[in-house]
1. Take the alpha carbon atoms of the stretch 190-220, find their center, do the same for the stretch 1-63, and report the distance between the two centers in whole angstrom.
2. Between helix 38-56 and the chain, what is the angle of the helix's C-alpha long axis to the longest principal axis, kept within 0 to 90° and rounded to the nearest 10?
3. Provide the gained length on full extension for the span residue 308 to residue 481, in nm with one decimal, where the gain is 0.36 nm per separating residue minus the Cα-Cα distance.
4. Normalised by the residues of the stretch 262-336, what does the relative contact order come to in percent, with Cα pairs under 8 Å and at least six apart?
5. Across the stretch 213-359, what fraction of all alpha-carbon pairs, as a whole percent, falls in each successive 10 Å bin from zero upward?
6. Kindly provide the helix-only [θ] at 222 nm of the chain, computed as the sum of -39,500 (n - 2.57) over DSSP H runs of four or more divided by all residues, to the nearest 500 deg cm²/dmol?
7. Rounded to the nearest Å, what's the spacing between the alpha carbon centres of the stretch 245-293 and the stretch 406-481? Just the number, please.
8. By how many degrees, between 0 and 90 and to the nearest 10, does the Cα long axis of helix 422-431 differ from the longest principal axis of the chain?
Ligand code: NAD
């Protein structure tokens, strides 16, 4: 049985309550673990608060050394961690392995930055006086993580938080806590002082809520749905906590008539169906110029219809498995409802549009990769986030039309333009209402670049050196001689 990790120890919940994590591919029990409550969260918060003084005064060089070592310890267990992630999340083994690799890269990135934090010396008009800006860690940080990329999205919070000298309580999604727990045990084995990094498992509305309301927590890094993010902002900002919100998205991808079609087809295919479409930065609306529409769609449909859907654990022996199950029954029902709504409004199913048939699919939450045409703009598949393998495709006659429709969403996370024309590129980079624009490039979150959203996709940034700014408070100092 898995345990939570609090104050340097693997522990059960205060009440002794437990719950099970089930494999989305077949319903098997992956493991049993503690069902924490607000008292468990308080234990972890208190431990993190107690550890803050020592950790924030540990030299940046030493913090970096521990983080580099932590990344190595996790890397050494990559295969078994990837298997565990595959079984609890549903993504194919190779994708799970890639996620762990991304975690390793991210922790290394922030370890490298730990000793590069700079302040400022400021001349002042007052006689015999000068100013300084020093940068102080905030204290206890709550890291609230969703189930779609449990490890990388935990790393994007833990890496900069620890590098900057903060302590952390991680709250993984209830359905994907197991790999997180093991990774956090390994990070602690690198030699972190007790209480610097903790993990509490249990329901978001109980454990997560305690992180939001507890006054000892000074920073909340939240990734999840926009509706939950709104609640997080209301509660946590009400207590003047520093908050970043990485929320939902409905990324548009625009393909102009001069684009490299073969590359753009791959970009749309991987960009939409990676992780069974359960990615914030996935391609969720595809806008194709009229003159390339038919050829592009034919090529995309040919390739995607060759996808093999199945249990991601079989991928090692059967590398053709490209897509695992959806993560939960609810997630699949939501995609089914969005497809039904679009078809009811006149959309045409080009491929997919149903659960795959066969005994091997009966116990899991499988759904076929689906492409829809003629989808009205007021359909749920356009107005809502589609968090699954569902791609609505639209015909446009100009860049102006594409940009206007791309921007006609409450979301503003990622976006992409595919063209060789510099005027088109500059126009799209300038006008797309999104935190990120990829030009002739797959929608992907690099550690080196800030990532985040505008509008209902949230505020604040993760990734990049910029992420450190959200874990450090500038302090103005005036020194008079
Ligand atoms: P979710 O909002 O349901 O849950 C996210 C986390 O919040 C979970 O750990 C959950 O337990 C916790 N939570 C739930 N209620 C809470 C409460 N009252 N207080 C505190 N915590 C609470 O999201 P999800 O379904 O796990 O994730 C999918 C969503 O995440 C999608 O909308 C996706 O686009 C978004 N996402 C965004 C990014 C990004 O970087 N912008 C990245 C990945 C996922």
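Nothing in this text is a laboratory measurement; each read-out follows from the coordinates by a stated rule. Nothing here was measured: the structure is a model prediction, and the numbers come from that model. Neighbour counts are summed over all protein chains in view; Cβ atoms, including those assigned to glycine, are modelled from backbone coordinates with ideal geometry.
1. Centre-to-centre distance over Cα atoms comes out at 8 Å.
2. The angle comes out at about 60 degrees.
3. Taking 0.36 nm per residue and subtracting the Cα distance, the gain is 55.0 nm.
4. Relative contact order here is 28 percent.
5. Going from the shortest bin to the longest, the percentages are 9, 29, 30, 20, 10, 2.
6. -12000 deg cm²/dmol
7. 18 Å
8. Once rounded, one gets 60 degrees.
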